[in-house]
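Each remark here refers to the structure printed beneath this line.
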């Protein structure tokens, strides 16, 4: 049996293994602890950079909302902070961190959708950009307000039976009636001062002591004429006074005393250019009509003066009459033409309204009874000078030709009555019977020929559109070819450079018609509504939200004209002699209206043609006002609140509602903003895309949809 050998050194080896193992564990612990410290410090630094970038956003947001002298750029960008050190909550400077902050307007270049103030905050150290944050602030537009008032005296007040269905604000006090229950408000009402009087607040609490919202100025809107010029939509209206025009000794200026004052009328129209029986976004146009020298603005307004109105009044005779549906189309026959046998024969074929032989026997006599019989028929109305429906008294022919618009000296006739006109050319004025240069005369009503008393004179002309924006064709089924070059397109593709802005260098401008698309009308003067101004489709109907949006801005007041189309007139004394000669019993307006220095109001608010206007046929919610309701879908922004009526039988009562598009992020093109901004979205940006000024410029260009060079 062998004796086992001793294992020398094994204990030492074991000891060394254990020693090195423990040493490794200690070193690992040291390295792990050091690594954790490094990671922790890195996270702390990252937190500092993030804090600094977000702090820069907060500082920029505060300045944008409070600094009224800061004008953000829509090309390039503003530098809000540069190489700025920030402090933490304990007022300690954050070490080795600097911030650059930039801001500019971004969003769509057509000014329709909500304009954004985009803020980019870049935090960095000596090693370069470390953290970049972006904030989009939505710019609040004045177009969101149902009513905005800059100043408010103790009167007038909103009273029982009036409604404001959208956001309302006053930079002064807000005054409702002391009576009960008072007006009804359906959205927030705020005032910098106090809120006074009684009112029904439908589920909302009024806010007094609100911050002031800076009111826009002409200087703030200086860019709008530039946009209009680019789209060939910048106009200078005609003006000046001249001796009154006469024809054969008869007064045709529209006045009976004094000089005639010239003016310009703006007509919004739609044309189905592609003939698909739909009015597409690009099928909105305007036409511009200038009164001739010696013709007064009363003819543009279709004013009827006097109580009762004189039966020989040129506006009553040539611009008022019967509207009839014949062969499926509306045809208009002025009062002065009913002595012509062919006119009465054609009126007998009307399906709406119906006309009897007994009617025509009375209509043929240009007497009080005859005029009343014409104007008492349903749909009887007046039109402003230049309207295509007035063809029979504004397209003058000579004794041998037909369809002339500027005949020479000799015997003149109202169109269709000339011996040179064929039977097929004898029909009433329609919305398509466009006459580029219109003339006027006193139509002889004592015979059957439609002959003028003397030589006709110029009434006015329509302006041709710039060659660059003239339509190449119009479908014959929709418009006469002569009208083509007088249509001014409002948007692409027919007007490639249009920004949706129309501008007039002065006022007043006389406006009416049907708008299609997103449009802003800016007038350095006043605006008078001579008739309804509506959209091509009801903005409140399902599916029509933001189909159209019209903003109307005037330096001076925007007024509803006290004329024959907006208010009843006494045509003859006695019962049945007071008539409403407009298209409806209320004034209809689809738009957001803003007066920079004046009001949005009603001419002659305290006037009315009868003690009981309800007898004049007004209906709906405003039967006791001479013009019925101001049925406006949109908003009103003005310097002060004007009265629109003073009691029963006077003025028009307000009945305004909100356009659903006002509740979205869209607005009329480049409509003024309030200077208030609310958070929209935050983003984190890769630092490599915002490391240099060139990177920042390229970033803003991309946000505006522009090609980065």
Exposure proxy ranking, count of Cβ atoms within 10 Å, fewest first, for 201, 535: 201, 535
Where only alpha carbons of segment 151-214 are counted, the Rg and the Dmax (Å): 10.7, 33
Neighbour-count ranking [beta-carbon atoms within 10 angstrom, fewest first] of 213, 13: 13, 213
Principal-axis tilt of helix 693-703 within the chain, Cα atoms, nearest 10 degrees: 50 degrees
Two-decimal log10 I(q)/I(0) for segment 184-305, as the Debye equation yields it once each C-alpha is a single scatterer, q = 0.13, 0.17 Å⁻¹: -0.90, -0.92
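Assuming 1.306 mPa s and 10 °C, estimate D for segment 51-100 with Stokes-Einstein, Rh taken as the Kirkwood radius over Cα pairs, in µm²/s. It would help to have the intermediate numbers written out before the result.
Values: Rh = 12.1 Å.
For these conditions, the coefficient is 131 µm²/s.
In the chain, what % of DSSP beta bridges are antiparallel (nearest 5)?
Details: 72 of 135 bridges.
Among the beta bridges of the chain, antiparallel pairing accounts for roughly 55 percent.
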Packing rank of 285-295, 45-55, where each peptide gets the mean count of other beta carbons within 10 Å, highest leading: 285-295, 45-55
Between helix 10-66 and the chain: long-axis angle, C-alpha atoms, 0 to 90°, nearest 10: 20 degrees
nm² value of the averaged projected area, convex hull over the Cα atoms of the chain: 49.3 nm²
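Run lengths n ≥ 4 of DSSP H only: what is the helix-derived mean residue ellipticity at 222 nm for the chain, with -39500 (n - 2.57) per run over all residues, to the nearest 500? Before the final figure, lay out each step's value.
Working: 9 runs with 113 residues, N = 709.
Result for the chain, helices only: -5000 deg cm²/dmol.
Would you work out the relative contact order for segment 376-446, in percent, from Cα pairs under 8 angstrom that are 6 or more residues apart? Kindly include the intermediate steps, with their values, before the conclusion.
Numbers: 125 pairs, mean separation 25.4, N = 71.
Relative contact order here is 36 percent.
Beta carbons within 10 angstrom, averaged per residue: use that to sort the peptides 632-639, 159-166, highest first. Working shown, then result.
Numbers: 632-639: 24.5, 159-166: 18.4.
Ranked from most to least packed, the peptides come out as 632-639, 159-166.
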By average C-beta atoms within 10 angstrom, highest first, the peptides 595-604, 339-348: 595-604, 339-348
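Semi-axes of the equivalent ellipsoid of segment 270-335: what are they in whole Å, largest first, if each equals the square root of 5 times a C-alpha gyration tensor eigenvalue? Walk me through the numbers on the way to the answer.
Details: eigenvalues 200, 73, 16 Å².
Listed largest to smallest, the semi-axes of segment 270-335 are 32, 19, 9 Å.
Quick note: the coordinates plus some simple rules give every number you see, no bench work behind them. Everything numeric in this text was worked out from a predicted model, so none of it was measured. Cβ coordinates were reconstructed from backbone atoms using ideal geometry, including for glycine residues, and neighbour counts include every protein chain displayed.
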